[in-house]
């Protein structure tokens, strides 16, 4: 239901302006509904004298503030690049998601504190049917908000909106705990809400940490997903004059604002203008098909020399025997009067157990065992995983 609704409202979901509208809808709805819930629970808390209900009311007021942060964050993220921020303001969306996560953590800490206090000093609040109705209605409203924001976040791929959805889910659990505790206290004279509160508080803290991680990773820098790497390779290698790619780096400046840099291997004896045209076309395809600005560096490789091709294949096989996750590129032979040099780069995952020195020594020893007449010059190229 929600997906079809978004398809009608936001048909161009990948455009920055569309994401800005999604954030505005989410923020305004969150502000209005959370203020409504705050008013109802605040009234119920004062009528019953329940500390738990009052705490839940203040939780909803903080959610209204969180929605305001989300609204402002998306508005700022949608601003065009300027002289001070040439790559735009897209990362503000990640910052707003981080603030949402921090608010979840604060709610968890406060609920944990309140729960412990209720266990140490239990007091039966006054039972009122109105408070039960308000809490039940709150759960229904928060369930709708969870489904709405989760669908909106998945449709747009927004970590900030998914964080808001998790926050709504946390609120359902928190309010459900208060409701169960209120009923148990009235009908069975059991003080269970404090114990329930501790369990929910721990879940809230876990949710807050996981949401914070999801928004922090793009800010700190993370490797591109395997799916995106495959798309980039497929797009670039459509050009018949490009033989392969390496040294791929994806710079994330916010949703829809990626900048790609990579090295494209081209035949060394090819026509320079033809190769340049192929690289230009690859950059244009990356922009139109993936929405990424691209900078491609040409790396000439030998494609018609038998000795070079055979040695490259042999050494690539040796390197794979040392470690299957390691590969070589930029391979060439520098021929001299006395000895020939083998020059190449080794792409090494940054989580490899071996040190760079150990890897170089292992490769040189394997090449010397294969053919000691070559001098080997190796450059290590760290790649993120």
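Restricting attention to segment 321-331, the residues that are loosely packed, with under 14 Cβ neighbours inside 10 Å and under 18 Å from residue 368 (Cβ atoms) total 1. All told, residue 73 falls short of being modelled with pLDDT of 75 or more, in a helix (DSSP H, G or I) and either more than 19 Å from residue 158 (Cα to Cα) or within 22 Å of the chain's Cα centre (by Cα) (or both).
One residue is enough: does segment 118-126 have a residue meeting the conditions surrounded by fewer than 18 Cβ atoms within 10 Å (Cβ to Cβ) and either at pLDDT 80 or above or part of a helix (DSSP H, G or I) (or both)? Yes.
Per-residue answers, yes or no, for (1) out of contact with any helix residue (DSSP H, G or I) (no Cβ under 7 Å at 6 or more places or on another chain); (2) within 25 Å of residue 25 (Cα to Cα); (3) modelled with pLDDT under 80; (4) surrounded by 15 or more Cβ atoms within 10 Å (Cβ to Cβ):
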| residue | (1), (2), (3), (4) |
| --- | --- |
| 97 | no, yes, yes, yes |
| 129 | yes, no, no, no |
| 139 | no, yes, no, yes |
| 150 | no, yes, no, yes |
| 159 | no, yes, yes, yes |
| 169 | no, yes, no, yes |
| 179 | no, no, no, yes |
| 197 | no, no, yes, yes |
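Among the conditions (1) modelled with pLDDT under 75; (2) within 30 Å of residue 183 (Cβ to Cβ); (3) surrounded by fewer than 16 Cβ atoms within 10 Å (Cβ to Cβ), the only one that residue 86 does not satisfy is (2). Per the listing 229, 302, 266, the residue uniquely buried (at least 18 other Cβ atoms within 10 Å of the Cβ) and in contact with a strand residue (DSSP E or B) (Cβ under 8 Å, 6 or more places away or on another chain) is 266. Is segment 58-68 home to any residue that is closer than 13 Å to residue 141 by Cβ, at pLDDT 80 or above and either crowded, with 24+ Cβ neighbours inside 10 Å or not assigned by TED's automatic domain parsing to the domain that holds residue 200 (or both)? Looking for residues that are closer than 13 Å to residue 141 by Cβ, at pLDDT 80 or above and either crowded, with 24+ Cβ neighbours inside 10 Å or not assigned by TED's automatic domain parsing to the domain that holds residue 200 (or both), one finds at least one in segment 58-68, hence yes.
For the condition in contact (Cβ under 8 Å) with a residue 24 or more places away in the chain, assigned to a helix (DSSP H, G or I) and out of contact with any strand residue (DSSP E or B) (no Cβ under 7 Å at 6 or more places or on another chain), what is the one hit in 254, 208? Please lay out each step first, then the result.
Values: 254 fails: assigned to a helix (DSSP H, G or I).
Within the list 254, 208, the selection yields 208.
The values are calculated or read from the model by the stated rules, or taken from the named source; none is laboratory data. Computed from a predicted model, the values in this text were never measured in an experiment. Quick reminder, even Gly has a Cβ in these numbers, built from the backbone with ideal geometry, and neighbours come from all protein chains shown.
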